[in-house]
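Let me begin by presenting the structure, written as structure tokens, before commenting on it.
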Amino acid sequence: METYIVRQPIMDSKQKVAAYEILYQQDETSLYNQKDSTVANAIEQFLLQFDNDRILGGKQAFITFTPNLLMKNVPRIFTPDKLVIQIEDNAIIHPLAQKIVQRYKKQGYKIAISGFEFTARYFWILDVVDIIKMDFKDPHGTSLQNIVNIGKNFNKQVAAYNVNTQEAYDKAVELGCDYMQGSAIGQQSVSKVHRMDHIQSNFFQLIVAVTKDEPDIDEIAQIISRDATLAFSLMKLVNSAYFALRNRAKSIQQALVILGLGQLKQWVYLLSFRHDSGSADEELLKTSFLRASFCSELSSMVEGLPISQSEAYLMGMFSTLGTLMQVSLETALSELAVSDEIKTALLTGEGKCGALYQLVLCYETADWNGMKNHAAVLGMPMDTLTQKYFECVESVNQIWSELMSPGRSTEDEDVKESMEALESANS
């Protein structure tokens, strides 16, 4: 059987990404069958294939370990500062697993208990646990307040998961949870996101690229493709009435060719006046970048898809536009001359393009059954999904790390000279 793995962000109380939980397929035939060492081997080998720092972006990993994985020493793939060992019922009731958890604690690993309950079998773990994870699927649960109080009294951190509604989010904030995880978390950052801001360091790279003696269109396209707000601005401009195109531009490369170098410089110059107005939410922009890359990679494996690979990239990239622009996605897309297939896919999930987009969302949220159903509709082979996903994660994180690294003086000089060149060209 295939083993599917995905990461999900865990936010701290300040709405910053503190860690990622690594989730993998869980059913009666996989990780929770203690006799199934095949899956344990698959996960161990998979994690060894990838650079953990690139996957995690320097953050900690929360990973659930069954007794089988604990006893195989799989947590040792990570150093103690990079891992939170998460355990559930099957490790709590397993005598040997209990001893192993205590050993990991002595070795410096943090321990999280998922789904803590007021039962005797959980009490031994309080001595070694650092984080209590609580299910907020039902924010009206009567035990939530009591468990938080117990955690705080024992100096434990509290993490809320399944925070998938505004109500659950408000409850987690009210109870003073240290961490939160769920689909409602990203929506809370909307008020912090400027309507059409862009990543400062990425924009500086764009300024340098367009003012070179011989600008490289492919390089410029790559820079714009990292940022949903820049891609939106470009596609909207080129497909506007000003250009009166008979056939709309379907990719960033096409848009750049239509715009031309002179007007490209003017566009970048105009954008430069507003890059200090705010900063777009980092995790949201990373999500759009990752979805774009994943959609593009998977589209090449779908026969008869009515959009090109570059359009599939835009579909993933523009999936977060509603949140970025603080309007409905339908309103955001109405300002773009993208294909009807892309609009339908993003708004209704219908058609082959919709199935591709829903497949990406299901993978992102660890909805394994939904993922399999959409892959079946697309006739897509399942054996490469996790590989493709983490290749995209590594690529996005590597680029993001380069973008967010501290600016060098030489780079600052390049930007200064490029800005002067832009001002001169547009004076």
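The residue of segment 249-273 that is modelled with the highest pLDDT, among those that are farther than 23 Å from ALA337 by Cβ and within 30 Å of the chain's Cα centre (by Cα), is SER272.
Filtered by the rule that a residue be buried (at least 18 other Cβ atoms within 10 Å of the Cβ) and either not assigned by TED's automatic domain parsing to the domain that holds ASP130 or not in a strand (DSSP E or B) (or both), segment 148-161 gives VAL148, GLY151, LYS156.
So which of ASN164, ASN90 is within 31 Å of the chain's Cα centre (by Cα), part of a loop (DSSP other than H, G, I, E, B), surrounded by 15 or more Cβ atoms within 10 Å (Cβ to Cβ) and among the polar types (S, T, N, Q)? Step by step, each of ASN164, ASN90 is checked, and only ASN164 is within 31 Å of the chain's Cα centre (by Cα), part of a loop (DSSP other than H, G, I, E, B), surrounded by 15 or more Cβ atoms within 10 Å (Cβ to Cβ) and among the polar types (S, T, N, Q).
Going by the conditions given, is ALA209 modelled with pLDDT of 80 or more, in a helix (DSSP H, G or I) and under 23 Å from VAL17 (Cβ atoms)? Answer is no for this residue. The residues of segment 322-365 that are among the hydroxyl-bearing types (Ser, Thr, Tyr) and within 18 Å of LYS250 (Cα to Cα), listed by number, are SER334, SER339, THR344, TYR357. Quick one: in segment 93-111, of everything that is assigned to a loop (DSSP other than H, G, I, E, B) and crowded, with 18+ Cβ neighbours inside 10 Å, which residue is modelled with the highest pLDDT? Among those residues, the one meeting the criterion is TYR109. If we keep just the residues of segment 300-318 that are touching a residue at least 40 places away in the same chain (Cβ under 8 Å) and among the hydroxyl-bearing types (Ser, Thr, Tyr), which is nearest to ALA228 (Cα to Cα)? Selected residue: TYR313.
Between ASP130, ASP135, the distinction of being assigned by TED's automatic domain parsing to the domain that holds PRO9, more than 25 Å from the chain's Cα centre (by Cα) and within 16 Å of ILE10 (Cα to Cα) belongs to ASP130 only.
Can you say whether GLU394 is in contact (Cβ under 8 Å) with a residue 24 or more places away in the chain and of a type in the set (Asp, Glu), as far as the supplied structure shows? Even if it seems obvious, please write down each step before you answer.
Values: in contact (Cβ under 8 Å) with a residue 24 or more places away in the chain: yes; of a type in the set (Asp, Glu): yes.
So GLU394 passes the test.
The one condition from (1) in contact with a strand residue (DSSP E or B) (Cβ under 8 Å, 6 or more places away or on another chain); (2) more than 30 Å from THR287 (Cα to Cα) that PHE62 does not meet is (2).
Yes/no per residue for (1) touching a Cys at 6+ places or on another chain (Cβ under 7 Å); (2) within 23 Å of LEU144 (Cα to Cα); (3) at pLDDT 75 or above; (4) of a type outside the set (Asp, Glu):
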{"site": "LEU175", "(1), (2), (3), (4)": "no, yes, yes, yes"}
{"site": "GLY186", "(1), (2), (3), (4)": "no, yes, no, yes"}
{"site": "SER201", "(1), (2), (3), (4)": "no, no, no, yes"}
{"site": "GLN222", "(1), (2), (3), (4)": "no, no, yes, yes"}
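Would you be able to say whether some residue in segment 326-339 is hydrophobic (A, V, I, L, M, F, W, C) and without any contact (Cβ under 8 Å) to a residue 12 or more places away in the chain? So far as segment 326-339 goes, yes, one or more of its residues are hydrophobic (A, V, I, L, M, F, W, C) and without any contact (Cβ under 8 Å) to a residue 12 or more places away in the chain.
The values are calculated or read from the model by the stated rules, or taken from the named source; none is laboratory data. Predicted model, so just to flag it, every value in this text is computed and none were measured. Glycine gets a Cβ as well: all are built from the backbone with ideal geometry, and neighbour counts include every protein chain shown.
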